[in-house]
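Reading through the structure tokens given below for one structure.
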Amino acid sequence: MLEHDTSTASPPREAIVRSLTALLERMLRPATPVTERTQLMDELGLSSSLALEVLLELEDELEIQIDVEDLDEDRMTTLGDLADYLAANSTPR
Amino acid sequence: MQDTVCVRVLAAGASPAELARCRAVLDPAERSRAAALGTAGLRDRFTVAHGALRVLAGRAVGVPPSALAWRPGRHGRPALTGPHAGLHTSLSYSGDLVAVALSRGRPVGVDIQHLPPGRDPVSLAERFFHPQEARHVAAGLDAGQRADRCLRLWVRKEAAVKSAGGRLWPNLAVPVHADDVVACVEPAGPHRLADVATPSGYRMAVALAGDAPYAIEFYPLTLADVLCSDGSMLAHTIDSRGHRC
């Protein structure tokens with residue numbers, strides 16, 4: 001059986017969702033629980049500067065480097081959307 | 001004749017009557033967006049910000065606030081439609097303040113940010129900003145000065161990107177520290193930046209598309225000023241700072 005190559009793989013999407021959820025609940029203290037369907041800007045009021053803080057925290061927590069070049073507001077409508085982007089655009093440090 | 005950008009800053013706090021007046025001028029989509037926000041504070045700030053923008057822009061072009069319509073741009077920058085498309089608008093809010101900028105003829109971007117408590121900004125600047133800017137942030141004498149330097153750079157970047165109608169992320173590394181004329185990379189083009197004075201704990205910058213100089217008409221207002229029934233306060237802020245309605 002081939003060993004899974006972890007040197008270039010993104011972290012599992014579930015781990016990203018878990019970390020994102022905890023980070024957003026800690027930073028923004030929303031009135032209702034954060035889920036994958038939570039709209040980041042339209043429900044949580046997430047600003048660009050806070051988004052940057054979240055990505056930086058996530059990089060530290062998951063020991064990854066996120067490629068933000070292709071990030072757009074359209075790709076971070078919901079937490080699930082952002083998790084999709086991060087799973088496809090991050091690499092282990 | 002030199003171009004002028006009008007910048008207005010007001011507190012986001014509002015009485016129930018003021019909130020109702022702001023809500024009354026929003027369109028259905030804006031009311032839905034306000035209702036979707038998760039806390040009363042976010043809902044009220046959105047309502048005040050968009051209500052104030054409509055009132056101020058409506059007075060600038062001489063139409064009722066609810067008669068205006070904006071169309072989102074490719075990367076989210078809204079532009080007035082129809083006969084008022086020559087007026088460019090920009091809106092920003094953070095903490096307890098709302099900033100509105102209006103410009104005739106030249107696309108405008110304004111950004112106001114409250115200094116957030118939290119992590120030291122050095123790592124943020126190192127990770128996302130131009131290396132010279134990261135060194136500038138790191139050279140701050142204490143945590144407060146480092147955070148303030150980072151915040152100033154941040155609002156200048158945001159203002160330039162809003163003026164450009166581009167995406168934030170590809171433009172984050174564009175240096176904005178030393179020169180007021182900056183070259184955004186996406187879409188490519190020059191934008192002239194200016195810092196605007198704010199209360200302690202905030203930073204604000206405004207940008208107009210193009211490198212030509214411009215004048216800034218900056219007045220802090222209250223929401224009551226904005227909602228003056230006859231608009232006299234707004235008319236007089238241009239000519240005389242002393243008038244109150």
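The values are calculated or read from the model by the stated rules, or taken from the named source; none is laboratory data. Predicted model only: the values in this text are computed from it and were never measured. Neighbour counts are summed over all protein chains in view; Cβ atoms, including those assigned to glycine, are modelled from backbone coordinates with ideal geometry. Heavy atoms of the whole protein, side chains included, go into the accessibility calculation; ligands, DNA and RNA do not. Shrake-Rupley method; radii C 1.70, N 1.55, O 1.52, S 1.80 Å.
At a glance:
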| read-out | value |
| --- | --- |
| Paramagnetic reach from A:Thr35 (point 7 Å along Cα→Cβ, amide N under 16 Å) across region A:57-93 | A:78-81 |
| Per residue, in Å², the accessible surface of region B:102-208 once ligands and nucleic acids are set aside, probe 1.4 Å | 39 Å² |
| Gyration tensor (alpha-carbon) shape descriptor, region B:86-125, a/c threshold 1.5 | oblate |
| log10 of Debye I(q)/I(0), alpha-carbon scatterers only, for chain A at 0.15, 0.19 Å⁻¹ | -0.53, -0.83 |
| Estimated inter-spin distance, A:Thr91 and B:Asp142, nm [label 7 Å along Cα→Cβ] | 4.2 nm |
| For residues of A:44-54, the mean tally of beta carbons on other chains within 10 Å | 6 |
| Cα-projected label distance for A:Arg13 with B:Glu217, points at 7 Å along beta-carbon direction, nm | 5.2 nm |
| Mean Cβ neighbour count within 10 Å, used as a protection proxy, ranking B:104-110, B:143-149 highest first | B:104-110, B:143-149 |
| Prolate/oblate/rounded label for region B:14-58 (Cα gyration tensor, a/c 1.5) | oblate |
| Accessible area of chain A divided out per residue, in Å², using a probe of 1.4 angstrom | 55 Å² |
| Inter-label distance, nm, simple model (7 Å from Cα along the C-beta direction), B:Glu126/B:Val61 | 4.8 nm |
| Charge context of B:Gly13, other residues only, Cβ under 11 angstrom, K/R +1, D/E -1 | -2 |
| Surface share of carbon and sulfur [accessible, 1.4 angstrom probe, percent] for region B:99-176 | 56 percent |
| Calculated on alpha-carbon atoms, Rg and Dmax of region B:1-151 in Å | 18.0, 51 |
| Tail weight of P(r) past 25 Å, computed on alpha-carbon pairs of the protein assembly as shown, percent | 54 percent |
| Counted charge near A:Pro33, where neighbours are those whose Cβ lies closer than 12 Å (Asp, Glu -1; Lys, Arg +1) | -1 |
| Total accessible area lost when B and A pair, probe 1.4 Å, Å² to nearest 100 | 2000 Å² |
| Estimated dipole of chain A in Debye, rounded to 20 [Cβ of Lys and Arg +1, of Asp and Glu -1, Cα centre] | 380 debye |
| Near-label residues of region A:45-77 by backbone N, under 17 Å of a point 7 Å along Cα→Cβ of A:Arg26 | A:50-64 |
